[in-house]
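For reference, the structure is listed below as structure tokens.
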Amino acid sequence: MEGVTRHVLANAHSKDLQTQGKYGVRFITYWFDEVRSTAFCLVDAPNKEAIQRAHDEAHGDVPSEIIEVDPAVVEAFLGRVTDPPPIKGGEPAPLDAGARAIMFTDLQDSTAMTRRLGDAKAMHLLRVHNVLTRNALREHAGREIKHLGDGIMASFASIEHALEGAIAIQRAFASFNVQNATTPLHLRIGLSVGEPVQDDNDFFGATVQLASRLCSHASPDQILTTEETVELSEREKSRFLSRGTIMPKGFDYAIEVYEVPWSAA
């Protein structure tokens, strides 16, 4: 599978879905490891031959190995092996099991703020930062993973909730700054989507690292995210602003970066 990208696999999966009914199979979900160039597909089918015929007609890529698995075991790991019930009341659709939107925030010049204002005043402003950020997380179904001293790492099960939460945070800080012009607070936000590794109530992996790098790359009062976020979002792509590509530290490939406008004007 050398040279295969996540976009190629997404197209292949889409073709599978178009032909699955003809062969009595159901393509549930798939995973792609870009580093190893390997893909795994979870399929409900009457037999191996049906899977092979469906794959062959859809795109000609017959799986190299088909392994029968116990649905109960798969569900124990994934949480579910069927689609969730329809979302009611206009709620944003959740990400697939295991996937998360990861957000990093960073308060501009927090060290300089302490030197300029003193410990007591700087600590007060840091508490303001915490309250404004946590209020937005609570209102948009975000989960605080950890406090970083001058920022917060959070996760969301929905891309739309993550975007709405990031926008709400920036608007809350802008409102605070209008009323506190002598001690304004400016925040950077980075947001990425993927399947982070979870251990002991914390997240690790490339998705987390990329969100952190985007936060560092962002300007004060800016929200930066990835092309994958834009493609998976329910929003029109025109609502995001392309900011070109960057080569984040620790990554050996360029990342297409988009800004999320948040001004209410």
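The values are calculated or read from the model by the stated rules, or taken from the named source; none is laboratory data. Remember, it's a predicted structure, so these values are computed and weren't measured experimentally. Neighbour counts are summed over all protein chains in view; Cβ atoms, including those assigned to glycine, are modelled from backbone coordinates with ideal geometry.
Quick look at the values:
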quantity	calculated
Flag for residue 127 being of a type in the set (Lys, Arg), closer than 25 Å to residue 192 by Cα, at pLDDT 85 or above and in a helix (DSSP H, G or I)	no
Scan of the range 232-265 for residues that are at negative phi, in contact with a Lys or Arg (Cβ under 9 Å, 6 or more places away or on another chain) and at pLDDT below 90, ordered by number	233, 246, 248, 249, 251, 255, 263, 264
Considering residues of the range 178-196 that are surrounded by 15 or more Cβ atoms within 10 Å (Cβ to Cβ) and of a type in the set (S, T, N, Q) only, the residue modelled with the highest pLDDT	192
Listing of strands (runs of 3 or more DSSP E) fully contained in the range 135-253 that carry 1 or more residues being charged (D, E, K, R), in contact (Cβ under 8 Å) with a residue 40 or more places away in the chain and more than 21 Å from residue 125 (Cα to Cα)	202-204
Residue within the range 88-101 that is surrounded by 11 or more Cβ atoms within 10 Å (Cβ to Cβ), at pLDDT 80 or above and under 30 Å from residue 169 (Cα atoms) present	yes
Index of the failed condition, residue 158 passing every other in (1) under 16 Å from residue 102 (Cα atoms); (2) surrounded by fewer than 20 Cβ atoms within 10 Å (Cβ to Cβ)	(2)
Some residue of the range 197-204 being exposed (fewer than 15 other Cβ atoms within 10 Å of the Cβ) and under 11 Å from residue 102 (Cα atoms)	yes
Residue that is farthest from residue 164 (Cα to Cα), among those in the range 237-255 that are among the basic types (Lys, Arg) and surrounded by 12 or more Cβ atoms within 10 Å (Cβ to Cβ)	243
Yes/no for residue 222 being buried (at least 18 other Cβ atoms within 10 Å of the Cβ) and in contact with a Lys or Arg (Cβ under 7 Å, 6 or more places away or on another chain)	yes
Pair list, Cβ under 9 Å, 6 or more apart: the range 111-134 residue over 20 Å from residue 188 (Cα atoms), other residue assigned to a loop (DSSP other than H, G, I, E, B)	116/109; 117/183; 121/183
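Table: residues versus (1) among the aliphatic types (A, V, I, L, M); (2) outside the structural domain of residue 195 (by TED's automatic domain parsing); (3) modelled with pLDDT of 75 or more; (4) buried (at least 16 other Cβ atoms within 10 Å of the Cβ).
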| residue | (1), (2), (3), (4) |
| --- | --- |
| 30 | no, yes, no, yes |
| 38 | no, yes, no, no |
| 58 | yes, yes, yes, yes |
| 85 | no, yes, no, no |
| 109 | no, no, yes, no |
| 113 | yes, no, yes, yes |
| 116 | no, no, yes, no |
